[in-house]
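To keep things clear, I will list the structure first and then write my remarks on it.
None of the figures in this text is laboratory data; all of them are computed from the coordinates on show. Since we're looking at a predicted model, the values are computed, not measured. Here the Cβ positions follow ideal geometry from the backbone for every residue, glycine too, while neighbour counts run over all protein chains shown.
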Amino acid sequence: MNGRERLLTAVRHEEPDRVPICPRINWAWLDPDKSHRLEELYGLSLDPMEILSTRTPNYARTYPEQYALPDVRVEQTRYEEGNYQVVERTFHTPAGALSDRTKIPPGGREYGMSPNPFKTEFLVKSRDDLPALRYLLPEIGGNYDHAVARQRELGDRGVVRVNVYSKLCRQAGDVRNLQDLMVDYYTREGWEHTEVPVRLRLRLGESPLSSVCCTPAGEVPRTSTSVCSQPSRVYVDRPFFDELLALFQARTMAETKAVMEAGVEWVFANCYYNSLSAGWSPAIFREVFVPSVTAQVELVHRDGGYVDYYDDGKLAHSMEMLADCGVDVLETCTPPPVCDFDLREAKAMVGDRLALKGYVDLL
């Protein structure tokens, strides 16, 4: 079998001539100057599953000198703070101004191959920011010739996937603090806004919250230890949570549609912000994420494509839901002690519906 046949055989739950070997390596890392032939990059033992990016700018995660945003004026300042570069931005839109602040670490092994910036201020602070946010979202780019060309070049050696982020991953979760979104979820009609319960604050990692939780109207905390000593007073709004995620789900679906219409066969569904390791419960995962994943999978399958679902966190309590969504490949399936994936249990539970990829002991 060639690499492509081997991979598709495994995805169809048939028996290949051997287990496909497809480490998650970006081919550009292997050949940054594009000076090597294909056979020099991949040995015969590898079955490449390459990942290419989309062509739609994501200004929540990138900090260019020029922004392709009609009707928006951008003020951007860069300066050094220790080992970090700090970027402060203000976007002036017809619907109001949004600002954020990001710390960007240097390159090198200490910070990762692709340094992960982190925000100390997020663009979206409240529901009032949503009209302005829409001006910061470029139209979905429809040109995926680079992916089709790369698949042609790769041929039967392997497959090419285009990276499409979930509604939360690198989208809603990068314009609003993920912890704040978790608190936003808990609003219930008829409840008043009070201090943040310690049990929730601990669950969210003792991080300062810019939102508050809720207590039924007229009730007081049962004990003096059930509220934090320095509560915030910002409004918590479940409809805001739903509206923000719906905005980005529409973009995820539009991106997926454009990818499939271009003739790309594989979507790399990048969903690690959805992970139970991020702090979501299985019940919330089922309510909030399963419908959107299912919709994306159905769209890809209608065009004869495949979905590789990426969650590098805990999977023991979500993998069966993902199998029900119809995803074709699940990765990274990390075993204990880093995560909770047990290969024997997983094969018995979902092995006839999911192709399992990974299971590398990180320690």
Q. Based on the Cβ-Cβ distance from F118 to D352, what FRET efficiency comes out when R0 is 25 Å, to the nearest 0.05?
A. 0.05
Q. From a point 7 Å beyond the Cα of L363 in the direction of its Cβ, which residues of the stretch 298-335 have a backbone N at a distance under 15 Å?
A. 334-335
**Q.** Set of lysines with alpha-carbon distance to K347 below 21 Å, sequence-local pairs under 8 removed
**A.** K314, K357
Q. For the pair A68 and E261, what calculated FRET efficiency results from E = 1/(1 + (r/R0)^6), where r is the Cβ-Cβ distance and R0 = 25 Å, to the nearest 0.05?
A. 0.65
Q) What spacing in nm lies between the two simple spin-label points modelled at N58 and S35, each 7 Å away from Cα in the Cβ direction? A) 3.1
**Q.** Estimated distance in nm for a label pair at L46 and N83, the labels positioned 7 Å out from Cα along Cα-to-Cβ
**A.** 2.8
**Q.** the stretch 288-363: chymotrypsin sites (Phe, Trp or Tyr not before Pro) in DSSP loop, at most 16 other beta carbons within 10 Å
**A.** Y359
Q. Which FRET efficiency value, to the nearest 0.05, do you get for R344 and R150 by plugging their Cβ-Cβ distance into 1/(1 + (r/R0)^6) with R0 = 35 Å?
A. 0.45
